[in-house]
Amino acid sequence: MKESIKITEPDYVRLNSLVHDALRQKGTDKQNLVVLSEKLEMAKRVPTFDIPHDRITMNSVVEVYDPENNQSMTIKLVFPKEANFRQGNISIMSLLGSALIGCREGSKISYDVPAGKKEIIIRRIVYQPEYGPKNKSEFILLFN
């Protein structure tokens, strides 16, 4: 059985609006939008104060592990205007971004890429806006 995902009400409202606006635009990659839209509809929506600390929300910073390449990377899940791969800011509208939203720390997720399927493991959530960083030293690293 696939694990259910949870998303905050504010994230759901903003993302749902973003998806519907993007679907109306010409030249938009609709496949990514359909994947995100389906995930939003399947997600359990919860008030911000009820989201568990181990769930990825918008603006969360997470460490992911790619077992195929034996590599870890730290990324931040952001809205499209803030996306910058070199800085580790991954758009929610990307296949990776839409795969991450609402998932739990420790989860193994798979998502489509042009070459097929990709699997990653969510090692840990370094920062989640609803809870902040897990320790003071991570806070200093993130915001300096």
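The values are calculated or read from the model by the stated rules, or taken from the named source; none is laboratory data. What you are looking at is a predicted structure, and each value in this text was computed from that prediction instead of being measured. Here Cβ is always computed from backbone atoms with ideal geometry, including for glycine, and neighbour counts include all displayed protein chains. Each accessible area value is taken on the protein alone, full model and side chains, heavy atoms only, with ligands, DNA and RNA left out. Shrake-Rupley method; radii C 1.70, N 1.55, O 1.52, S 1.80 Å.
Assorted remarks:
- Accessible surface for residue 45 stands near 100 Å², nearest 10, in the context of the full protein assembly shown (1.4 Å probe).
- The chain: calculated mean residue ellipticity at 222 nm from DSSP helix runs of at least 4, using -39500 (n - 2.57): -8500 deg cm²/dmol
- Heavy-atom SASA rank of 86, 124 (probe 1.4 Å, accessible area, largest first): 86, 124
- 3J(HN,Hα) couplings calculated from phi for region 91-104 with the Karplus curve 6.51 cos²θ - 1.76 cosθ + 1.60 (θ = phi - 60°) are, in sequence order, 5, 4, 7, 7, 4, 5, x, 5, 6, 7, 4, x, 7, 9 Hz; Gly and Pro show x.
- The listed residues 79, 49 rank as 49, 79 when sorted by accessible area, largest first, using a 1.4 Å probe.
- Computing mean projected area of the Cα convex hull in nm² directly from the structure and comparing it against [x] 9.2; [y] 8.5; [z] 11.0 singles out [x].
- In range of the label at residue 111: residues from region 22-52 whose backbone nitrogen is under 17 Å from the point 7 Å along Cα→Cβ: 29-43
- 3J(HN,Hα) along region 64-71: 10, 10, 9, x, 5, 9, 6, 10 Hz, from the Karplus curve 6.51 cos²θ - 1.76 cosθ + 1.60 with θ = phi - 60°, whole Hz, x for Gly and Pro.
- Spin-label pair residue 23-residue 119: with each label point 7 Å from Cα along the Cα-Cβ axis, the two points sit 3.2 nm from one another.
- The residues of the chain have, on average, 60 Å² of accessible surface per residue, using a 1.4 Å probe with all protein chains present.
- Spin-label zone in region 8-23 - amide nitrogen under 13 Å from a point set 7 Å from the Cα of residue 50 along the C-beta vector: 8-10
- Estimated vicinal HN-Hα couplings, Hz - region 121-128 in sequence order (Karplus 6.51, -1.76, 1.60; Gly, Pro = x): 10, 7, 5, 6, 9, 6, 8, 10
- Share of carbon and sulfur in the accessible heavy-atom surface of the chain [1.4 Å probe, %]: 52 percent
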